[in-house]
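Engineer: Pasting in a structure now, in structure tokens, and then I'll have a few things to ask.
The values are calculated or read from the model by the stated rules, or taken from the named source; none is laboratory data. The structure presented is a predicted model; accordingly, all values stated were derived computationally and were not measured. A quick note on method: Cβ atoms are made from the backbone with ideal geometry, for glycine too, and the neighbour counts reach across all protein chains shown. In case anyone asks, the SASA skips ligands and DNA or RNA and just uses the protein heavy atoms, side chains included. Shrake-Rupley method; radii C 1.70, N 1.55, O 1.52, S 1.80 Å.
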Amino acid sequence: MKVLLLRRLGFRLAFKQTLTFALLVIFLAWSAYALLARRIYGQVDEELQDRSIAVRSMLQIRNHDIGWLNEQADPEVKTQFAKSIRYYQLLDEQGKIIESSREMADLHLPFGAARQALQSGHNSWESHGSPGDDHLRILNTPVLGLKQQQFVMRIGVSLDDGDENCRRLRLYMLLLLPFIILAHAANAWIMAANSLKRLEQVSAAARQITPFDLSKRLPVSGRQDELDELAVSLNAVIGRLQSSFQRMSEFLRTLSHEIRQPLTVLRSETEQALRRGGSDTNYQDTLSKQLEHVELLARTVSDLMELAQSENEELKLQREREDLSELVQAAIDGMRQQASERGIQLSGRVQPNIIGALDAGQIWRLLLNLLDNAIKFNRANGKIDVTLAVMNDMAMISISDTGSGIAAEEQIHVFERGYRTAAARKSSVPGTGLGLHFARAIAEAHGGRIELHSVPNEGSCFHVSLPLRAPGETTLPAVQRDATIN
């Protein structure tokens, strides 16, 4: 498919170049023909002037009597005179024919151009007929006789030779132009094919370069042309990207190790405390919840590392039958202390026994991200309300706050990776702009969605809808739809 696209591109390039060249060649050929034709007919006019001078030198007019001095003329003039009188005519100032050759008399020429010569006292030109049909070029010359009598002498010459030369010139050009254009088209196609062949090689090499394998490079032919310069520049960019990815991978491995180590220690100590905890039920429940949270946090860290190294940022879920109600209530209870430290009232209305095929670690991350933002960007003595209910086989989670809200023009960007609102950037609250991006990724990975409704200076509300059934499941997990709300 890509080879076909490159061939089409080569055809378009060759066609455009050939079309431009053809227009240029046609214009130059037309200009050359016009100049050559003008030169050919210009030579005819020069010859006609010479003939007119020769005839005038032989002509003697006395009282409308015509005499010729051909006996006294030299041979060269006689020869020129013999050629000239084939198309010869002498008219008086009223247009009456005084003397004429038979060929000129048969033409029955109008007197207009001859009258113009008489009135101006200068030669005038006219053409008669068309190519192939008595095509003549005629010169009208004013002549003075004795007693200042005015006459006009017409001398004509056939344009057949000039027309034939122009016809041959047109024929040669018509035969030569297609050959030149076709030759150029073939050359343009070959050049385009050779150039695109290198592009095809570069494209094939580029497709083999991925974020997970940056060791390959684009081919360099050694011709030191523009394509080589481009390939060298792109190879330098790929080299810098490879170094950056290597440093990032090292950082991720180090970060993963540094985070997992204290979590492992915390998990070990919690297990030891459980083994030594005796029969104190509250003590054991507390440590059990703590261990559960540590395990979820460890999974969250692992998933975060996986997401950071993922090419398409697609989360890999580990769906299990989970009680979403307990998960949401645990998140509320876990964040209540943080909220109370800022004087914020955190309340929840959770419908119990909502069971679904979910990834508990990812849902935990989603809830903590939303609750953490609701606390950090809330006003003093504000409120946060969390609700969980079921509607049309979908779990509906709403987290609303009484914070500063988000401007309408910024609401479409809050889920973008690394984006922070103007108010967040100006505040002293630390952040990376990744929380809401991960929250949307988690919701969409479960087949759900997350929406924001916010009014500036009044607060924000995030609505999360999650399907309780994984793709391909035919039965819905057991859900207590008529349970009371806490």
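Engineer: Checking Asp160 against (1) at pLDDT 85 or above; (2) touching a helix residue (DSSP H, G or I) at 6+ places or on another chain (Cβ under 7 Å), which test does it fail?
Structural biologist: (2)
Engineer: Using beta carbons and a limit of 6 Å, which pairs, at least six apart or on different chains, have the first residue in region 76-94 and in a helix (DSSP H, G or I) and the second one modelled with pLDDT of 85 or more and open to solvent by 40 Å² or more (accessible area, probe 1.4 Å)?
Structural biologist: If the second residue must be modelled with pLDDT of 85 or more and open to solvent by 40 Å² or more (accessible area, probe 1.4 Å), the pairs left are Arg86/Glu103; Tyr87/Glu103.
Engineer: Next question, about the same structure. Please verify whether Pro219 is modelled with pLDDT under 90 and of a type outside the set (S, T, N, Q), treating the condition exactly as stated.
Structural biologist: Answer is yes for this residue.
Engineer: Under the condition of being aliphatic (A, V, I, L, M) and surrounded by 14 or more Cβ atoms within 10 Å (Cβ to Cβ), which residue from region 181-194 is nearest to Val25 (Cα to Cα)?
Structural biologist: Among those that are aliphatic (A, V, I, L, M) and surrounded by 14 or more Cβ atoms within 10 Å (Cβ to Cβ), it is Ile181.
Engineer: Name the strands (runs of 3 or more DSSP E) wholly inside region 97-179 in which the number of residues that are over 18 Å from Arg38 (Cα atoms) and either open to solvent by 90 Å² or more (accessible area, probe 1.4 Å) or aromatic (Phe, Trp, Tyr) (or both) is 2 or more.
Structural biologist: By residue number, 133-144.
Engineer: Look at Arg51 and say whether it is under 60 Å from the mean Cα position of the chain (by Cα) and either over 30 Å from Ala186 (Cβ atoms) or modelled with pLDDT of 80 or more (or both).
Structural biologist: For Arg51, the condition - under 60 Å from the mean Cα position of the chain (by Cα) and either over 30 Å from Ala186 (Cβ atoms) or modelled with pLDDT of 80 or more (or both) - is not met.
Engineer: Name the residue that is most open to solvent (accessible area, probe 1.4 Å), counting only residues in region 324-339 that are over 15 Å from Asp401 (Cβ atoms) and polar (S, T, N, Q).
Structural biologist: Gln337
Engineer: Would you check which residues across region 195-244 are open to solvent by 50 Å² or more (accessible area, probe 1.4 Å), assigned to a loop (DSSP other than H, G, I, E, B) and not β-branched (Val, Ile, Thr) and list them?
Structural biologist: Listed by number, the residues that qualify are Gln208, Pro211, Phe212, Ser215, Lys216, Arg217, Pro219, Ser221, Gly222, Arg223, Gln224.
Engineer: Go through Leu28, Leu36 for me and flag whichever is at pLDDT 90 or above, more than 30 Å from Ala204 (Cβ to Cβ) and open to solvent by less than 90 Å² (accessible area, probe 1.4 Å).
Structural biologist: Leu36
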